Every structure is written in C-alpha cells, then in structure tokens.
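*Asks:* What follows is a single structure, and I will ask about it in a moment.
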Amino acid sequence: MKIERIEVLPIRLPLKAVVTLSRGVSRTIEEGKQMVLVKMTADDGTVGWGESGPSRRWSAETTQSCYTSIKHYLAPVVIGRDPFDIAGIHRAMNIELAPGVDPGQPVAKAAIDLAVHDLVCKKLGINLQTWLGSKALDRIPLSCLVSAPTPDKVSEVVQEGLKLGFKGFKVKVGHDPDMDVEIIKAAVDAAEGSIVWPDANQGYNLDQALRMARAFEAMGMEIFEQPIPMTDIYGMKKLLSSTTMNIAIDEAAMGIPYLIEMIRREAVEGVVIKVNKVGGIYYARQMCDLVRNAGFKLIGSGLMDAPIGFQASVQLFAGYGIDFPTDLNGPQHIAEDYLAEPLPKDGQNALVTKTPGIGVVIDEVRVRGDLKLEL
Ligand SMILES: [Mg+2]
C-alpha cells in the first residue's frame, strides 16, 4: 500500500468567542479559526484526513507556514511511502524540516500524522483507540476555558459553564498579578466545588510566579499551568520546591528531547499534552508513555482543535485514562465546523467514536475553496 495523493486545503472556521493569552487574543473574531486540512489518498482509494490548527500567539507557526511547509516540503516526501511505516514517515519529514527542542514545525507535521493514522485505521477497520492498544476509558470530561478580563466577568462565565454541565474550569491568568488573584478567587467562589486551575501561558517572571504560587495554593489550587517562560528550567525547579502545588508545563512540553532534559534537571511534575503541539499522535503517545512511566501528572489539552484534532485527542486521552477535565475547547469557541455528522457527546463528556479511523465525517464541499491565503 502506498500514499498516492495529498491535498492541502486552507479553511477558516467562524468563531463565537476568543481566548486571551498573556500575549493577547489567540485569534480575533475577524480572522476566525484559520487552519489547514490534509486529505491523503492511498493507491487503493482509502482516504485519511488530518489538520493543522496553529495558534500564532501560542507558538511560532501560522496558517501560511503550515500550508507552505506541508505543500512544498512534507507532502512531496510522504507521497509514495507505505502509510503503515509511521515512524519512517516522521523520519522523512524530519529530514526536510529539522527537529530541535520540538519536532520542527510540529503543527504542520501533525496534519500529515493525523491523516496517516486516520488512513491506516480505516484500512484495518478499527478506530484510533484500538490502533493505540489502550482503551482505559470510552469518554473524557471536558473543562470550560475561562478567559475574561474582570472577576465579575469570570464569575459569570463560570456560572454559565456550571449550567452547561462543566465540572472543571481552566482560568487564563498571566496578565496583572493583583487582578489575577481576584480572578481566581472569583472563579473558585462561583465554581461550587468544581475543579479550578490557573494557566499563565508563561506570563509571569520568577518572582511574580513564586508570589502567585503562594496565593493560588492558599486558595486550594492543585495545579498551576506554565507560570514562567518555557526556557526557564532553573525557575521551574525553584517553583516546584516552593509549593505543594503541581506546577505543570505546557508550552515547555513541545517535544521529547526538551521534556527529558527537564526531567533530568528535576524541573517537572505535571505535563500538558496537545496532539497538534507535539507533531501528532506518533509523538503524543510517546510523551504520554514517558509521563506515565515517570509518575507525573498527565493532563490533556489542545489548541482550540477542530473536529479531527479534537476526536483524535479524545481517543488518545481516553485511551490513557485521563479523567482530569480536558481543555479541548474547540466546541466552546468555534461557531461552525466542517463535519457532515456531529460528534457524539454526553453532557460535557466527549465520547470515543467507534467507527474506523479517527471517526469524523467531513463535509467535502465545506472544506474546498473556503480560504484564500496571501503567500
Ligand atoms: Mg496552557
């Protein structure tokens, strides 16, 4: 079996809400959720779908960079290869776009990776979780992402989330330390005992982070996500020794080599895994294994994934038995997607699809000619 054709399809999904990171909004309403879909066809007609969903203020890739990297560098070395040699496909991609502390343009590579996994699972007639050989859960609880500028607004969003059935709230901080303390206090007060945890997206310096860790710990937080810049390994170690909270890395968990370096330096206890961020399922599952074997806290998340990335993540995280609320917030922010059939849900639990492949049915009319990129 050989991969015969790869189509690269830029697409814009309208948003109903934005996320504000420490660097500003991750995407404006006007630009929408821009991404790149990949349709991969094998010589026997089997088709796999993948997606790149870059978040430009979160990591360095853009819709344009994903499009040109896939079209001009990745697709040409993947066409003609056996889709069952997933490791070989990643090796070929890494020769073209070199890996470093991360797999080298991981969001672009994730589209190929997801399409290959979808294709081989369809060929075998199994879902992704069966391919992974790990079926701990058949569903995962989703968390509500809270990204609001004032305590009153945070309180409103949390109350609304409770009504919708969310049991966990990840709250964006990293802006103004004094305001952030009030924001977390408002979230805890409104959450009626549900899980709340702050995510600073690298927004604090070490002194601020040490102060915030004390404040958040006093409010009962158990996890504090990426308080300081991802490169500050010394700071991470110091933070961990200053608190009983789990200081989780997210932006710093870009790939296996850097994660191993942080483990060697005793600077990690919790790791946030995102399928698109780390270059797809091939690397994400290795990182899940590494984190689990090291005895660290394993947390699932995403980059506001659309349905392909969303359902692939659900199958991975459910496979690994992640029952901590998972920040796959695509459905919370994307107003309209590209599915021909909706994904199964039970309240705010995302269910593992049982159909062969990643388990999404694409509206092929919707994904063509949707976005013209200036290149
Ligand atoms: Mg995060």
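Conditions (1) surrounded by 23 or more Cβ atoms within 10 Å (Cβ to Cβ); (2) assigned to a helix (DSSP H, G or I), marked per residue:
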{"residue": "GLU31", "(1), (2)": "no, no"}
{"residue": "LEU37", "(1), (2)": "yes, no"}
{"residue": "ASP44", "(1), (2)": "no, no"}
{"residue": "GLU51", "(1), (2)": "yes, no"}
{"residue": "PRO54", "(1), (2)": "yes, no"}
{"residue": "SER59", "(1), (2)": "no, no"}
{"residue": "CYS66", "(1), (2)": "yes, yes"}
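*Asks:* From the set of residues in the stretch 176-201 that are within 16 Å of the ligand (Cβ to nearest atom), within 18 Å of GLY220 (Cβ to Cβ) and not small (Gly, Ala, Ser), which is nearest to the chain's Cα centre (by Cα)?
*Replies:* ASP199
*Asks:* Next up: State whether the residues of the stretch 243-251 include one that is surrounded by 20 or more Cβ atoms within 10 Å (Cβ to Cβ), more than 22 Å from the chain's Cα centre (by Cα) and within 27 Å of ALA186 (Cβ to Cβ).
*Replies:* yes
*Asks:* How many residues does the stretch 214-230 hold that are within 16 Å of the ligand (Cβ to nearest atom) and more than 20 Å from the chain's Cα centre (by Cα)?
*Replies:* Of the residues in the stretch 214-230, 3 are within 16 Å of the ligand (Cβ to nearest atom) and more than 20 Å from the chain's Cα centre (by Cα).
*Asks:* Moving on to the next point. Hey, could you check the stretch 122-144 for residues that are surrounded by fewer than 17 Cβ atoms within 10 Å (Cβ to Cβ) and either out of contact with any helix residue (DSSP H, G or I) (no Cβ under 8 Å at 6 or more places or on another chain) or small (Gly, Ala, Ser) (or both) and say which is nearest to GLY193 (Cα to Cα)?
*Replies:* ALA136
*Asks:* Something else now. Quick check on my filter: what residues within the stretch 151-175 are modelled with pLDDT under 95 and more than 15 Å from the ligand (Cβ to nearest atom)?
*Replies:* LYS167
*Asks:* Where in the stretch 265-375 are the helices (runs of 4 or more DSSP H), entirely inside, with at least 2 residues that are hydrophobic (A, V, I, L, M, F, W, C) and surrounded by fewer than 22 Cβ atoms within 10 Å (Cβ to Cβ)?
*Replies:* 281-294
*Asks:* Is there a residue being in contact with a Pro (Cβ under 7 Å, 6 or more places away or on another chain), among the small types (Gly, Ala, Ser) and modelled with pLDDT of 95 or more anywhere in the stretch 103-110?
*Replies:* no
*Asks:* Hey, could you check the stretch 249-268 for residues that are of a type in the set (Val, Ile, Thr) and more than 16 Å from the ligand (Cβ to nearest atom) and say which is farthest from TYR283 (Cα to Cα)?
*Replies:* Only one residue tops the list, namely ILE263.
*Asks:* Among the residues that make up the stretch 246-253, is at least one of them modelled with pLDDT of 95 or more and touching a Phe, Trp or Tyr at 6+ places or on another chain (Cβ under 6 Å)?
*Replies:* Yes, because at least one residue in the stretch 246-253 is modelled with pLDDT of 95 or more and touching a Phe, Trp or Tyr at 6+ places or on another chain (Cβ under 6 Å).
*Asks:* Would you say SER147 is assigned by TED's automatic domain parsing to the domain that holds ASP207 and either crowded, with 17+ Cβ neighbours inside 10 Å or in contact with a strand residue (DSSP E or B) (Cβ under 9 Å, 6 or more places away or on another chain) (or both)?
*Replies:* yes
The values are calculated or read from the model by the stated rules, or taken from the named source; none is laboratory data. None of these values were measured; they are calculated from a predicted model. Positions of Cβ are generated from backbone atoms using ideal geometry, with glycine treated the same way; all protein chains shown enter the neighbour counts.
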